[in-house]
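Have a look at the structure below, then the notes.
The values are calculated or read from the model by the stated rules, or taken from the named source; none is laboratory data. Keep in mind that this is a model prediction, so the values were computed, not measured. Note: ideal-geometry Cβ built from the backbone for every residue, glycine included; neighbour counts use all protein chains shown.
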Amino acid sequence: MKIRLGYELTYRCPQPTPMILNLNVHYTRAGDLDRPDYMSTNPAVPLVLYRDGFGNWCTRLVVPAGLTRITADAVINDRGFTEPVVPDAQQYPVESLPEETLVYLLGSRYCDTDNLSTVAWELFGNTMPGWSRVQAVCDFVHRHITFGYQFARPTRTASEAFNERQGVCRDYAHLAVTFCRCLNIPARYCTGYLGDIGIPAVDAPMDFAGWFEAYIGGQWYTFDARNNTPRIGRVLIARGRDAADVALSMTFGPNVLEGFRVWAYELRAA
């Protein structure tokens, strides 16, 4: 199947403002792009691409004073399969984990493991290690948090989401990631596109989505505590320890986001 995806962001800045944008499709999906997700700006400004420490494609630019429109419109090939469920995927003991996964056991900006370790073991210590334990975490977080865009707050940590019991998709992911790390399961935060493909369309403006990956059974598997069901057509943009590592935009000066639009939908054959 083919998925059309893209975004249009409009910023107003009172002065020239440096930015770092994390909006390109992840390099692991670059070969699937049928039409590349080239970024363009109006007015045109120089764009410099680089790979960050997690392997994500980032773009540096300086937007001028006034209104700047940033957009991309791509088409990607997707297998069209529902994400796998592997109930027999086993949890590795910490001493057997690959070194590159160990950073995803540590606390981070939004995943404050020191505040939730006792809670995690009280809630999930008696569950079967491995896939069942991660799924138990997702089931709990899915029930525990009430979703609402009005609940969005960029400073909310996982423990605050646990206590407040409300948030958006990033809060679901942060809480699930934190519980997994407390339970010695490497977990990393992900952001990307998730359109209403294979499910009834939601009557609401689309946004970028947040989910996570857990390392069990010798590989990384996708989990989504917000939706809590395998999906079709998920397209990764970036991975990191938490949302601080994969911010869609970082601006180094005053600005107002005056327009925000995201799309991801299946292209049907004519």
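Quick notes on this structure:
- Top-ranked residue in segment 212-234 [being under 19 Å from HIS142 (Cβ atoms) and hydroxyl-bearing (Ser, Thr, Tyr); ranked as surrounded by the most Cβ atoms within 10 Å (Cβ to Cβ)]: TYR221
- The set of residues in segment 199-230 being of a type in the set (A, V, I, L, M) and over 11 Å from the mean Cα position of the chain (by Cα) consists of ILE199, ALA201, VAL202, ALA204, MET206, ALA214, ILE216, ALA225.
- Failed condition for ASN228, given (1) outside any strand (DSSP E or B); (2) of a type outside the set (A, V, I, L, M); (3) out of contact with any His (no Cβ under 6 Å at 6 or more places or on another chain): (3)
- Test: residue in segment 235-245 that is more than 30 Å from GLY125 (Cβ to Cβ), β-branched (Val, Ile, Thr), at pLDDT 95 or above and surrounded by 19 or more Cβ atoms within 10 Å (Cβ to Cβ): yes
- Residues located in segment 209-248, provided they are out of contact with any Ser or Thr (no Cβ under 7 Å at 6 or more places or on another chain) and aromatic (Phe, Trp, Tyr): PHE212, TRP220, TYR221, PHE223
- Test result for ASP207, under 26 Å from TYR50 (Cβ atoms), assigned to a loop (DSSP other than H, G, I, E, B) and assigned by TED's automatic domain parsing to the domain that holds TYR110: yes
- Out of ASN126, ASN115, sole residue that is in a loop (DSSP other than H, G, I, E, B) and either free of Cβ contacts under 8 Å to residues at least 60 places away in the same chain or polar (S, T, N, Q) (or both): ASN126
- Which numbered condition ASP88 misses (of (1) closer than 26 Å to ALA243 by Cβ; (2) of a type in the set (D, E, K, R); (3) touching a helix residue (DSSP H, G or I) at 6+ places or on another chain (Cβ under 8 Å)): (1)
- Here is the figure for segment 182-203: residues that are in a loop (DSSP other than H, G, I, E, B), touching a residue at least 12 places away in the same chain (Cβ under 8 Å) and either out of contact with any Leu (no Cβ under 6 Å at 6 or more places or on another chain) or basic (Lys, Arg) (or both) total 9.
- Filter pass, TRP220 being modelled with pLDDT of 95 or more and outside the structural domain of MET128 (by TED's automatic domain parsing): no
- Residue list for segment 132-165, restricted to those being in a helix (DSSP H, G or I), in contact with an Asp or Glu (Cβ under 7 Å, 6 or more places away or on another chain) and either touching a residue at least 40 places away in the same chain (Cβ under 8 Å) or over 15 Å from CYS180 (Cβ atoms) (or both): ALA158, SER159
- Which listed residue, of VAL25, VAL75, VAL103, VAL85, is among the β-branched types (Val, Ile, Thr), in the same structural domain as CYS182 (by TED's automatic domain parsing) and within 27 Å of ALA173 (Cα to Cα): VAL103
- Residues of segment 242-270 satisfying the condition of being outside any loop (DSSP other than H, G, I, E, B), within 22 Å of ALA173 (Cα to Cα) and small (Gly, Ala, Ser): ALA243, ALA244, SER249, ALA264
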